[in-house]
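For reference, the structure is listed below as structure tokens.
The values are calculated or read from the model by the stated rules, or taken from the named source; none is laboratory data. Model, not experiment: these values are computed from the prediction. With ideal geometry, Cβ positions are generated from the backbone for all residues, glycine too; neighbour counts draw on all protein chains shown.
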């Protein structure tokens with residue numbers, strides 16, 4: 001959490017400095033009609049590539065666009081509650097994460113959980129009644145064909161396997177208070193300037209853009225000179241060199257069915273935004289996300305690693321910790337905090353998809369059981385630390401580990417409680433099945449939980465124990481000094497001085 005906060009503060013600092021340097025000026029930007037547009041593209045935006053809609057088969061457009069519309073009509077595309085400048089806000093864009101089963105994608109302190117795509121012949125995960133995890137209409141949808149086309153593009157472009165796609169829906173008529181682009185005067189932004197987060201370094205990003213047909217105008221409304229088409233402003237992607245006020249920006253118009261690609265290190269060295277057109281638009285953004293810490297397999301392995309240190313006596317049905325080495329305890333408590341973050345992210349947002357895809361239900365139920373076992377492990381560690389019979393040196397090291405873990409945990413719990421409470425007015429606008437759940441949360445007197453939710457009293461106990469240990473180590477013997485003819489003689493006086 002701290003690393004994310006520091007990164008956001010750094011971005012705000014750079015943004016303020018950039019705006020201060022600009023003052024009332026605007027950085028120039030070029031569109032295709034401007035002289036020098038292609039030269040600027042080649043020299044400063046070489047990692048950007050465009051494939052026009054005419055280069056793709058008509059049948060493909062029909063299938064992919066049908067799939068996107070189906071997702072939107074079935075209510076799969078939802079606005080996210082994200083963290084921006086220390087407050088939760090709804091994104092203007094509705095979206096869903098589709099991808100490899102068990103993958104997640106994290107942005108703006110929000111973790112999205114994939115609606116899994118299924119390969120041909122694959123049964124997928126089933127619920128307790130042996131039903132497929134996904135709504136049958138969605139399984140029969142064209143997501144598979146979309147995935148196949150995605151893979152075909154990958155083979156042609158980079159020979160890289162994308163593992164997720166973020167599907168976005170943007171309707172400018174429903175997006176109130178769109179901000180003006182602040183540096184170049186490019187127009188209204190549906191998505192502000194940003195780098196795509198959590199990606200494998202140097203991996204490409206591929207985007208398919210579909211602008212919905214404009215509604216026919218009523219008789220008597222103004223049309224263009226041909227009388228059959230209308231002058232509708234198109235959507236554009238804006239690009240700029242990150243934190244640079246000297247290189248002109250680039251505004252690339254996107255016709256319906258166009259694909260654009262950000263390759264090499266463009267996403268790292270440049271920022272991009274989405275400039276609103278006048279009709280609704282879908283985009284399918286294919287990415288290679290980091291899979292080292294953002295998958296179900298990863299967090300399950302972490303749970304198993306932590307629980308390996310828990311011993312259960314089959315005869316007495318009692319539990320104890322196998323290892324009390326500080327390094328092992330530190331690793332387990334770190335995992336404990338990490339699992340709590342996954343659970344909170346899921347119940348804050350991820351469960352919204354459960355009504356049409358149950359893939360995550362069983363894994364998250366198991367994760368919550370594992371997390372409760374980790375709560376018991378923390379209680380066992382607390383018992384050892386507070387046991388007067390524990391060796392003093394070992395006791396102090398274990399207490400240090402425990403205090404650091406509990407302090408971080410208390411902060412994380414309070415942060416999530418604040419997020420839940422502060423966004424409650426936003427949640428009131430959502431159907432019950434979409435609203436964030438305040439979970440895990442329990443009263444301090446809950447008999448099913450080994451430790452209270454509010455850890456402040458326990459933290460005080462551990463701090464007090466550590467303080468008493470420091471006092472004992474800092475006992476000093478007061479020496480009295482007497483002067484003699486032969487010099488100074490120091491002798492211990494019959495009392496000690498305790499530092500407080």
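Checking the conditions here, which among 63, 83 is at pLDDT below 95, within 30 Å of residue 347 (Cβ to Cβ) and in contact with a helix residue (DSSP H, G or I) (Cβ under 9 Å, 6 or more places away or on another chain)?
Values: 63 fails: within 30 Å of residue 347 (Cβ to Cβ).
Selected residue: 83, the only one of 63, 83 that is at pLDDT below 95, within 30 Å of residue 347 (Cβ to Cβ) and in contact with a helix residue (DSSP H, G or I) (Cβ under 9 Å, 6 or more places away or on another chain).
Across segment 191-210, which residue is farthest from the chain's Cα centre (by Cα) among those that are part of a strand (DSSP E or B) and closer than 20 Å to residue 98 by Cβ? Before the answer, list the steps.
Our first condition is that a residue be part of a strand (DSSP E or B); within segment 191-210, this holds for 191-194, 199, 205-210.
Now narrow it down to the ones that are closer than 20 Å to residue 98 by Cβ: 191, 199, 205-210.
Values: 191: 17, 199: 12, 205: 18, 206: 20, 207: 20, 208: 23, 209: 24, 210: 26 Å.
If we take residues in segment 191-210 being part of a strand (DSSP E or B) and closer than 20 Å to residue 98 by Cβ, then 210 is farthest from the chain's Cα centre (by Cα).
Of all the residues that make up segment 444-464, how many are surrounded by 10 or more Cβ atoms within 10 Å (Cβ to Cβ) and part of a loop (DSSP other than H, G, I, E, B)?
9
Could you look through segment 261-279, keep only residues that are surrounded by 20 or more Cβ atoms within 10 Å (Cβ to Cβ) and in a loop (DSSP other than H, G, I, E, B), and pick out the one that is nearest to the chain's Cα centre (by Cα)?
In this case the residue turns out to be 276.
Just to be sure before I move on: is residue 343 closer than 21 Å to residue 109 by Cα and either surrounded by fewer than 19 Cβ atoms within 10 Å (Cβ to Cβ) or at pLDDT 95 or above (or both) in the structure I sent?
Numbers: closer than 21 Å to residue 109 by Cα: yes; either surrounded by fewer than 19 Cβ atoms within 10 Å (Cβ to Cβ) or at pLDDT 95 or above (or both): yes.
Criteria met by residue 343.
I'd like to check something: does segment 370-388 contain any residue that is surrounded by fewer than 19 Cβ atoms within 10 Å (Cβ to Cβ) and part of a loop (DSSP other than H, G, I, E, B)?
Yes, segment 370-388 contains at least one residue that is surrounded by fewer than 19 Cβ atoms within 10 Å (Cβ to Cβ) and part of a loop (DSSP other than H, G, I, E, B).
State yes or no: is residue 387 modelled with pLDDT of 85 or more and either more than 30 Å from residue 350 (Cα to Cα) or more than 41 Å from the chain's Cα centre (by Cα) (or both)?
Numbers: modelled with pLDDT of 85 or more: yes; either more than 30 Å from residue 350 (Cα to Cα) or more than 41 Å from the chain's Cα centre (by Cα) (or both): yes.
Criteria met by residue 387.
Out of all the residues in segment 280-333, which are part of a strand (DSSP E or B) and closer than 30 Å to residue 171 by Cα? Outline the logic, then answer.
Let us first name the residues in segment 280-333 that are part of a strand (DSSP E or B), namely 281-287, 289, 295, 310-313, 318-321.
Residues satisfying the conditions are 281, 282, 283, 284, 285, 286, 287, 289.
Condition check ((1) assigned to a strand (DSSP E or B); (2) touching a residue at least 60 places away in the same chain (Cβ under 8 Å)) across all residues:
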residue	(1), (2)
27	no, yes
33	no, no
40	no, yes
94	yes, yes
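Is it true that residue 56 is closer than 27 Å to residue 114 by Cβ, in contact with a strand residue (DSSP E or B) (Cβ under 8 Å, 6 or more places away or on another chain), touching a residue at least 40 places away in the same chain (Cβ under 8 Å) and buried (at least 17 other Cβ atoms within 10 Å of the Cβ)? Please lay out each step first, then the result.
Details: closer than 27 Å to residue 114 by Cβ: yes; in contact with a strand residue (DSSP E or B) (Cβ under 8 Å, 6 or more places away or on another chain): yes; touching a residue at least 40 places away in the same chain (Cβ under 8 Å): yes; buried (at least 17 other Cβ atoms within 10 Å of the Cβ): yes.
When the stated conditions are applied, residue 56 passes them.
Which ones in segment 405-426 are out of contact with any strand residue (DSSP E or B) (no Cβ under 7 Å at 6 or more places or on another chain) and in contact (Cβ under 8 Å) with a residue 60 or more places away in the chain? Spell out how you get there, then give the answer.
First, pick out the residues of segment 405-426 that are out of contact with any strand residue (DSSP E or B) (no Cβ under 7 Å at 6 or more places or on another chain): 405-418, 420-421, 424-425.
Of everything in segment 405-426, those that are out of contact with any strand residue (DSSP E or B) (no Cβ under 7 Å at 6 or more places or on another chain) and in contact (Cβ under 8 Å) with a residue 60 or more places away in the chain turn out to be 405, 408, 409, 411, 412, 413, 415, 416, 420.
So which residues in segment 404-436 are surrounded by 15 or more Cβ atoms within 10 Å (Cβ to Cβ) and assigned to a loop (DSSP other than H, G, I, E, B), if there are any at all?
Result: 423, 430, 434, 435, 436.
Would you confirm, using the coordinates I've provided, whether residue 90 is surrounded by 12 or more Cβ atoms within 10 Å (Cβ to Cβ), under 30 Å from residue 408 (Cα atoms) and either free of Cβ contacts under 8 Å to residues at least 12 places away in the same chain or touching a strand residue (DSSP E or B) at 6+ places or on another chain (Cβ under 7 Å) (or both)?
So residue 90 fits the description; yes.
Pull up segment 67-85, narrow it to residues that are touching a residue at least 24 places away in the same chain (Cβ under 8 Å) and part of a strand (DSSP E or B), then point me to the one that is surrounded by the fewest Cβ atoms within 10 Å (Cβ to Cβ).
Per the stated criteria, the residue is 84.
Just for segment 291-312: of the residues that are more than 17 Å from residue 104 (Cα to Cα) and touching a strand residue (DSSP E or B) at 6+ places or on another chain (Cβ under 7 Å), which one is surrounded by the most Cβ atoms within 10 Å (Cβ to Cβ)?
So, considering only residues that are more than 17 Å from residue 104 (Cα to Cα) and touching a strand residue (DSSP E or B) at 6+ places or on another chain (Cβ under 7 Å), the one surrounded by the most Cβ atoms within 10 Å (Cβ to Cβ) is 309.
So is residue 219 at pLDDT 90 or above and out of contact with any helix residue (DSSP H, G or I) (no Cβ under 9 Å at 6 or more places or on another chain) or not?
Working: at pLDDT 90 or above: no; out of contact with any helix residue (DSSP H, G or I) (no Cβ under 9 Å at 6 or more places or on another chain): yes.
Taking the combined requirement at face value, the residue does not satisfy it.
Can you tell me which of (1) at pLDDT below 95; (2) more than 22 Å from the chain's Cα centre (by Cα); (3) assigned to a helix (DSSP H, G or I); (4) surrounded by 11 or more Cβ atoms within 10 Å (Cβ to Cβ) is the one residue 16 doesn't meet?
Of (1) at pLDDT below 95; (2) more than 22 Å from the chain's Cα centre (by Cα); (3) assigned to a helix (DSSP H, G or I); (4) surrounded by 11 or more Cβ atoms within 10 Å (Cβ to Cβ), only one is false for residue 16: (4).
At pLDDT below 95 and in a helix (DSSP H, G or I): does that describe residue 353? Give the steps one after another, and end with the answer.
Working: at pLDDT below 95: yes; in a helix (DSSP H, G or I): yes.
Spelling it out, residue 353 is indeed at pLDDT below 95 and in a helix (DSSP H, G or I).
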